[in-house]
Every structure is written in C-alpha cells, then in structure tokens.
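Student: Here it is: the structure, laid out below.
Quick note: the coordinates plus some simple rules give every number you see, no bench work behind them. Everything quoted here is computed from the prediction, not taken from an experiment. Every residue, glycine as well, gets a Cβ built from its backbone with ideal geometry; the counts of neighbours run over all protein chains shown.
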Amino acid sequence: MFTTLISAQQLQQCMAAGQPLVVFDCSFELMNPGAGPLAFEQCHIAGARYANLDTDLSAHHPADGDEAPASGGRHPLPARSTFAKWVASQGVTPQTQVVVYDRNGANYCGRLWWMLKWCGHEAVAALDGGLQAWQAMGGETRQGPADVARATEFALGTPLVRLVDTATVLAHLGSFSQTVLDARGAPRYRGEVEPLDPIAGHIPGALNRPFTENIGPDGCFKPAAVLRDELTRVLGDRDPATVVHQCGSGVSAVPNLLAMEVAGLGRQALYAGSWSEWSNTPGVPVERG
C-alpha cells in the first residue's frame, strides 16, 4: 500500500502487476478553469481519469438528496456522502490503490489525496514529480477523453484526517494548542497583495510556509530529512501535532500537510475554508506584516 508518495517507477510496477489501481489526473489552473481538462485531453497517463477541482472536488448547489457542504470558502468541501458517490462512480473500491497526480507541482492532486483519506481510504498516494516525472521515465501516455469508468460500491469509513472549521480556529487563537501554518506565498501572507479574497493579510499568529518550498529542482518533493529540517525550523518550539494547515481556499495547504507526513512529523488538521472563508467572516481578526 502506498499512502503518501509513489515514484513513477513504482507506479509502473503496480500497473505491470495488475493490482487494483485507479489513477487520477488533477491538473488545474485557478485563473483558467478550462485549462486543466484541456491539458488532460492533450496528454495524460494511460488509463488515468480526470478529477476537476471545481466540479468534482468542490461543492456547489446541493443536488436532490445531497447534504450541505462540509466547509465554506472558494472551494467548499462537499459532504462526505456526496463525494463518496463520485468516488464510487469512478470505480474505486476499498481495495483500490489510488494514485493522484498533476502537472502543477502537486498543488491540486493533494486535494483528492486528502479527501480520500477523509472518507477513510488510506491507500492513496501522490505521484512524486507528477506527469513530468512519468514522461521523463518514458511512461505510456494517451490523448483524448478518459475511459468510461465502471461504477462500484464505495462505503465511507472513519475519517483518517482531521477537518477544522472557522469557529474552532478562532476559539484557539493565541493558544499553544494550535499552530496555524499558512501555505500561501509570502506577499499574500504579509497582506501586500490579495488577488482573490476581499481582505489582505493572515490569521493572527499564523506561520508562513509557502507550499512551493516543498518541491526540489527536480520537480519532486525534497528528501524527507530536508523537509523535516526546514519544517521544524519554521515551527520553532511549536509541537507539530498542533498544526492546522491553511492557504487561500484549502487546496494548496495540502502539499504542506503531505510534506510533514513524508518528513515523519505526523498528520495534522486542515482548515479547508482557509483565508477565503476567514476573510469573509464578520468580526474575525486579521494580521498584516
């Protein structure tokens, strides 16, 4: 079972062994939502399916029978039961090894990695280096739409990750029981620019670790020892177990969460609403600088 990262070579070995496997391409562009599906049709790992951040991995107006979203913000999480229906439609069973990837430095595929853990499915890993690593190894790719999936039964399990909301983060501000780690770029964290949300700045007391710093020059996650050294220096004397990960809308925070697990620092909580929900909540404090 692969539960954090999987190399291109390991993925190829899994395919050759014929084990139950589903691969998802999560490539996306925030400022151009149509670019991800187009990139998938132009080139994807043979047999992969496409997971769209906007339509598959985020909640919209609840359909008949669907529960309310599980979080707020620009990319609200769908209810677990709603998401489980989509997972089943993609042919994933409790025995399936899932592999997720993108061509965006693991910015988007981590969302699906986390959501499957949230639904109790541990056997999911991110392809280290993404599509680029697969292509560099000579892995088979295809063009065109994804193959039609055969729907299965997917039963929700106990969540393997922890989701926190705005009220929880607000209630623990200033406490050593909570360390907010902001994955946005430094200028957005400091409040110098804000291209997407109504207020610039960050949650008071939050530390900053841009998610892009987890990736090395080769496009893969840095070695575990390097990640551990860098992340512990950011945290200082704070206990890694107290970390709550956040970003703009709960997506790019996940690479930090994944990096901490790769580094042997445990699996922490996610504030999925993140800055997009915090900055739209009346009366909450904001810090700049």
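Student: Taking 20 °C and 1.002 mPa s as the conditions, I'd like the Stokes-Einstein D for the chain in µm²/s, using the Kirkwood hydrodynamic radius from alpha carbon pairs.
Tutor: After rounding, the answer is 111 µm²/s.
Student: Could I ask something else about it? How long is the gain from Asp66 to Gln10 if the chain were fully straight, where each residue apart is worth 0.36 nm and the alpha carbon distance is subtracted?
Tutor: 16.4 nm
Student: Peptides 213-226, 90-103, 108-121, 129-142: what's the order by average Cβ count within 10 Å, highest mean first?
Tutor: 108-121, 90-103, 129-142, 213-226
Student: Using a 10 Å cut-off around each Cβ, can you sort Met31, Met260, Met15 from fewest to most neighbouring Cβ atoms?
Tutor: Listing Met31, Met260, Met15 from fewest to most nearby Cβ atoms yields Met31, Met15, Met260.
Student: Another question about this same structure. Evaluate the charge dipole of the range 5-142 about its Cα centre and quote only its size in Debye, nearest 20, assuming +1 on the Cβ of each Lys and Arg and -1 on the Cβ of each Asp and Glu.
Tutor: Using only the charged Cβ atoms, the result is roughly 160 debye.
Student: Follow-up. With N set to the residue count of the range 203-251, report its C-alpha Rg divided by 2.2 N^0.38 Å to two decimal places.
Tutor: 1.23
Student: Using only Cα positions of the range 57-172, each an equal point scatterer, no hydration layer, compute I(q)/I(0) via Debye at q = 0.18 Å⁻¹ and quote the log10 values to two decimals.
Tutor: -1.08
Student: Here's a follow-up. What value does the range 62-125 have for Rg/Rh, both radii from Cα atoms and Rh as Kirkwood defines it?
Tutor: 0.98
Student: So if I take the centroid of the Cα atoms in the range 232-277 and the same for the range 187-212, what is the distance between those two points in Å?
Tutor: That distance is 15 Å.
Student: Counting only helical runs of four or more DSSP H residues, what would the 222 nm mean residue ellipticity of the chain come to if each run contributes -39,500 (n - 2.57) and the total is spread over all its residues?
Tutor: Computed mean residue ellipticity for the chain: -7500 deg cm²/dmol.
Student: Output needed for the range 162-278: three equivalent-ellipsoid semi-axes, defined as square roots of 5 times the C-alpha gyration tensor eigenvalues, in descending order, whole Å.
Tutor: Ellipsoid semi-axes (Å, largest first): 21, 17, 12.
Student: Next up: About the Cα centre of the chain, what is the dipole size in debye to 20, counting +1 per Lys and Arg Cβ and -1 per Asp and Glu Cβ, all else neutral?
Tutor: Taking the Cα centre of the chain as origin, the dipole is about 300 debye.
Student: Applying 1/(1 + (r/R0)^6) with R0 = 30 Å to the Cβ-Cβ distance of Glu140 and Ala35, what FRET efficiency is obtained, to the nearest 0.05?
Tutor: So the FRET efficiency works out to roughly 0.80.
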